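Engineer: Starting off with a structure, shown below.
The values are calculated or read from the model by the stated rules, or taken from the named source; none is laboratory data. In this text the structure is predicted, and so the values were computed from the model without any measurement. Virtual Cβ from ideal backbone geometry, glycine too; neighbours counted across all protein chains shown.
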């Protein structure tokens, strides 16, 4: 079932190209303006968009198309979000149909929302339109960075269908099918009847795009942006800012870093404790705010706090 | 050849005692590995028993393998960086045996033989800069700027079944401190525990007890919920399935870069295509999550190769390693730590040991002097004999 031979692959490719051609004809140039998001996790940023600028192109896997990615900025030209209009084939068993959507990412390259083309709404594989709940499920799926779809190839999904009919028994008892857990997890995470659209969209919203956005952001990372990130309420922005600080800058921004330490996740706390220059533990006003969290902080952080006690002595 | 094994059955994590299914490909050793691997049953399945019987019967067939079941090695002594002997004790009758041999293979997982003998080893996550193992997608969760002690955790598998009639299960106040309010009616690989103040070897018993409390407590919590009356525990392992601890250092340290570059070596003896699969504890990202649940990060790859030089110690002349204590970085371990791949290592080491015996040399000489003969021998293994 997983595209076994050359002839099959050839037909598949031909169908693929033919549908792409239709897709191009079908889309009117005027429709390429940004579609407002249906769902967006960063609405305050979206509301402030004043301009867009083409910054790079995204090459989807297994796709002949490149998707232009735009940087969206506010009136002061400060970057807010990235977005791309996507036209991509969704194929199953050699049959393809185009999928249209606009994807939105945060400045650190994480998916935050999507919009649809009003005259090309999302459909399931049997051409049934998405229902309201399907649109929100789609967003939920795309928000999950750890989706089980990450490690799957299209071919795996074909095999899933084959195995779905198999039951395995042992000593007379029915046990889970071989990849039962995986199948259930896939089924629960995707929009019913739209597995391939979900798969295609997830792989466009994650992966290659993250690296490219971060690379681009670094090219325009200014002191203003650095401060905005450090003082942002988004933990991933804070973390990004912390990562860019060198030891001197780390010491200079200490009050803010201590704030972040109190509110962030253990991963960020551990990063701060590891990065804080050993010398600075000798200063009481540096060390004390960290040690004061001891009673309420998580055990991994406590371990690092204890390890750092030795640097707080003058010796 | 003496096979010293501290359990009553062979297979380690694949055994009927721990019940992890084997993953990975056979590489050039299908003939050998088919004798000891498992079907792809769900983790924790009683089907492990079938494969256990297959494995024990197949290994016992070999007259030149002298299996010492239930003997636990507790010391290895080296003189001039050559191991002279390994001491072992029977786990129930307490008798002791001193094993003297020209060559030793450390397949203990925890790298014990190398550790006792003074072999170089590593533990924990290297700095991302040490071997250039950055993956921006996951940053610190993948590989940290500063090295640390976070390793992948150990798991205890467990299994429930639905009975025909309601089954009682007690409330477990002693498990509450770990399970808290978590409810579960099924286990899987992600029931996994690692913490930066716990050592996967030295604190193994605490880790095991922590997981047992997590399992019994979460199941007990679930049993209080309407609809779960018929659930009953079918099986809970009493042994830890470990993923990562000491890694002995060889002439080559296998890293993320070898995978990304699909590096080929003149002494490539192990091949794998499985994604790099590195775990972290969920509570690092989300503090409220129970501390006994992990997540996996997957890096998809093409085929990658492990050279023979990662399978013998850099500083102990007569020591091979096979299994998760082979020479690799934390990230390097992520892909090949599964059991068909580590099985390939065992087979590759076996053929090298035979050549060492033939020429009366130590492992490094196989790479330096007898590589052609060694690689030809392995190449011939590709043919499956009926």
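Engineer: Would you call residue B:158 in the same structural domain as residue B:218 (by TED's automatic domain parsing), surrounded by 22 or more Cβ atoms within 10 Å (Cβ to Cβ) and modelled with pLDDT of 95 or more?
Structural biologist: yes
Engineer: Residue B:269 - would you say it is more than 14 Å from every other protein chain (Cβ to nearest Cβ), within 30 Å of residue B:370 (Cα to Cα) and assigned to a strand (DSSP E or B)?
Structural biologist: yes
Engineer: Something else: Output the helices (runs of 4 or more DSSP H) that fall wholly within region A:238-303 and possess 2 or more residues being farther than 20 Å from residue A:228 by Cα and either within 13 Å of another protein chain (Cβ to nearest Cβ) or at pLDDT 95 or above (or both), or say none.
Structural biologist: A:266-275, A:284-291
Engineer: While we're here: Among the numbered criteria (1) modelled with pLDDT of 60 or more; (2) surrounded by fewer than 17 Cβ atoms within 10 Å (Cβ to Cβ), which single criterion is violated by residue A:157?
Structural biologist: For residue A:157, the failing item is (2).
Engineer: In addition: Among the candidates B:185, B:165, which residue alone is under 29 Å from residue B:40 (Cβ atoms), assigned to a loop (DSSP other than H, G, I, E, B) and either more than 13 Å from every other protein chain (Cβ to nearest Cβ) or more than 22 Å from the chain's Cα centre (by Cα) (or both)?
Structural biologist: Just one listed residue meets the conditions, B:185.
Engineer: Another one. State yes or no: is residue B:373 surrounded by fewer than 24 Cβ atoms within 10 Å (Cβ to Cβ), modelled with pLDDT of 95 or more, more than 21 Å from the chain's Cα centre (by Cα) and assigned to a helix (DSSP H, G or I)?
Structural biologist: For residue B:373, the condition - surrounded by fewer than 24 Cβ atoms within 10 Å (Cβ to Cβ), modelled with pLDDT of 95 or more, more than 21 Å from the chain's Cα centre (by Cα) and assigned to a helix (DSSP H, G or I) - is met.
Engineer: Quick one: residue B:233 ticks every box in (1) more than 20 Å from residue B:106 (Cβ to Cβ); (2) more than 14 Å from chain A (Cβ to nearest Cβ); (3) without any contact (Cβ under 8 Å) to a residue 60 or more places away in the chain except a single one, so which number is it?
Structural biologist: Of (1) more than 20 Å from residue B:106 (Cβ to Cβ); (2) more than 14 Å from chain A (Cβ to nearest Cβ); (3) without any contact (Cβ under 8 Å) to a residue 60 or more places away in the chain, only one is false for residue B:233: (3).
Engineer: Could you please let me know if residue B:83 is more than 14 Å from every other protein chain (Cβ to nearest Cβ), touching a helix residue (DSSP H, G or I) at 6+ places or on another chain (Cβ under 7 Å) and within 17 Å of residue B:347 (Cα to Cα)?
Structural biologist: Criteria not met by residue B:83.
Engineer: On to the next question. Working only within region B:97-137, note down all residues that are crowded, with 16+ Cβ neighbours inside 10 Å and either within 14 Å of another protein chain (Cβ to nearest Cβ) or within 18 Å of residue B:299 (Cβ to Cβ) (or both).
Structural biologist: B:124, B:125, B:126, B:128, B:131, B:133, B:135, B:137 - these are the residues of region B:97-137 that are crowded, with 16+ Cβ neighbours inside 10 Å and either within 14 Å of another protein chain (Cβ to nearest Cβ) or within 18 Å of residue B:299 (Cβ to Cβ) (or both).
Engineer: Being within 16 Å of the chain's Cα centre (by Cα) and surrounded by fewer than 22 Cβ atoms within 10 Å (Cβ to Cβ): is that true of residue B:317 here?
Structural biologist: Here the answer is no, as residue B:317 does not meet what is asked.
Engineer: Another question, if that's okay. Is region B:312-323 home to any residue that is free of Cβ contacts under 8 Å to residues at least 40 places away in the same chain, away from every other protein chain (no Cβ under 14 Å) and in contact with a strand residue (DSSP E or B) (Cβ under 9 Å, 6 or more places away or on another chain)? Outline the logic, then answer.
Structural biologist: The first filter runs over region B:312-323 and keeps only residues free of Cβ contacts under 8 Å to residues at least 40 places away in the same chain, leaving none.
Scanning region B:312-323, I find no residue that is free of Cβ contacts under 8 Å to residues at least 40 places away in the same chain, away from every other protein chain (no Cβ under 14 Å) and in contact with a strand residue (DSSP E or B) (Cβ under 9 Å, 6 or more places away or on another chain), so the answer is no.
Engineer: Which is in contact (Cβ under 8 Å) with a residue 40 or more places away in the chain and in a strand (DSSP E or B), of B:3, B:23, B:10?
Structural biologist: Answer to the check: B:3.
Engineer: Working only within region B:247-266, note down all residues that are surrounded by fewer than 22 Cβ atoms within 10 Å (Cβ to Cβ) and outside any loop (DSSP other than H, G, I, E, B).
Structural biologist: Within region B:247-266, B:257, B:260 qualify.
Engineer: Right, next: Checking residue B:284 against (1) within 10 Å of another protein chain (Cβ to nearest Cβ); (2) crowded, with 22+ Cβ neighbours inside 10 Å; (3) within 17 Å of the chain's Cα centre (by Cα): exactly one of these is not met. Which one?
Structural biologist: With (1) within 10 Å of another protein chain (Cβ to nearest Cβ); (2) crowded, with 22+ Cβ neighbours inside 10 Å; (3) within 17 Å of the chain's Cα centre (by Cα) applied to residue B:284, the lone miss is (3).
Engineer: Can you confirm whether region B:53-72 contains a residue that is surrounded by fewer than 19 Cβ atoms within 10 Å (Cβ to Cβ), at pLDDT 95 or above and within 14 Å of another protein chain (Cβ to nearest Cβ)?
Structural biologist: Within region B:53-72 (the criterion being surrounded by fewer than 19 Cβ atoms within 10 Å (Cβ to Cβ), at pLDDT 95 or above and within 14 Å of another protein chain (Cβ to nearest Cβ)), the answer is yes, since at least one residue qualifies.
Engineer: For region A:277-315, which residues satisfy the criterion of being within 21 Å of residue B:281 (Cα to Cα) and exposed (fewer than 12 other Cβ atoms within 10 Å of the Cβ)?
Structural biologist: Scanning region A:277-315 gives A:294, A:296.
Engineer: Working carefully through the options B:175, B:186, find the one that is within 30 Å of residue B:235 (Cα to Cα) and in contact with a helix residue (DSSP H, G or I) (Cβ under 7 Å, 6 or more places away or on another chain). First the steps, then the outcome.
Structural biologist: On the way: B:186 fails: in contact with a helix residue (DSSP H, G or I) (Cβ under 7 Å, 6 or more places away or on another chain).
That would be B:175, the only listed residue that is within 30 Å of residue B:235 (Cα to Cα) and in contact with a helix residue (DSSP H, G or I) (Cβ under 7 Å, 6 or more places away or on another chain).
Engineer: Return a yes/no flag: does region A:218-230 have any residue that is within 12 Å of chain B (Cβ to nearest Cβ) and at pLDDT 90 or above.
Structural biologist: First pass over region A:218-230, keeping only residues within 12 Å of chain B (Cβ to nearest Cβ): A:218.
Next, from what is left, pick out any that are at pLDDT 90 or above: A:218.
Yes, that holds for at least one residue.
Engineer: Now for a separate question. Scanning for something modelled with pLDDT of 95 or more, farther than 20 Å from residue B:105 by Cα, within 14 Å of chain A (Cβ to nearest Cβ) and part of a helix (DSSP H, G or I), does region B:27-49 turn up at least one residue?
Structural biologist: Within region B:27-49 (the criterion being modelled with pLDDT of 95 or more, farther than 20 Å from residue B:105 by Cα, within 14 Å of chain A (Cβ to nearest Cβ) and part of a helix (DSSP H, G or I)), the answer is yes, since at least one residue qualifies.
Engineer: Do the conditions hold for residue B:143, that is, is it exposed (fewer than 15 other Cβ atoms within 10 Å of the Cβ), within 14 Å of chain A (Cβ to nearest Cβ) and at pLDDT 95 or above?
Structural biologist: Spelling it out, it is not the case that residue B:143 is exposed (fewer than 15 other Cβ atoms within 10 Å of the Cβ), within 14 Å of chain A (Cβ to nearest Cβ) and at pLDDT 95 or above.
Engineer: Suppose we keep only residues that are over 23 Å from residue B:344 (Cα atoms) and in contact (Cβ under 8 Å) with a residue 60 or more places away in the chain within region B:287-304. Which one would you say is nearest to the other protein chains (Cβ to nearest Cβ)?
Structural biologist: B:295
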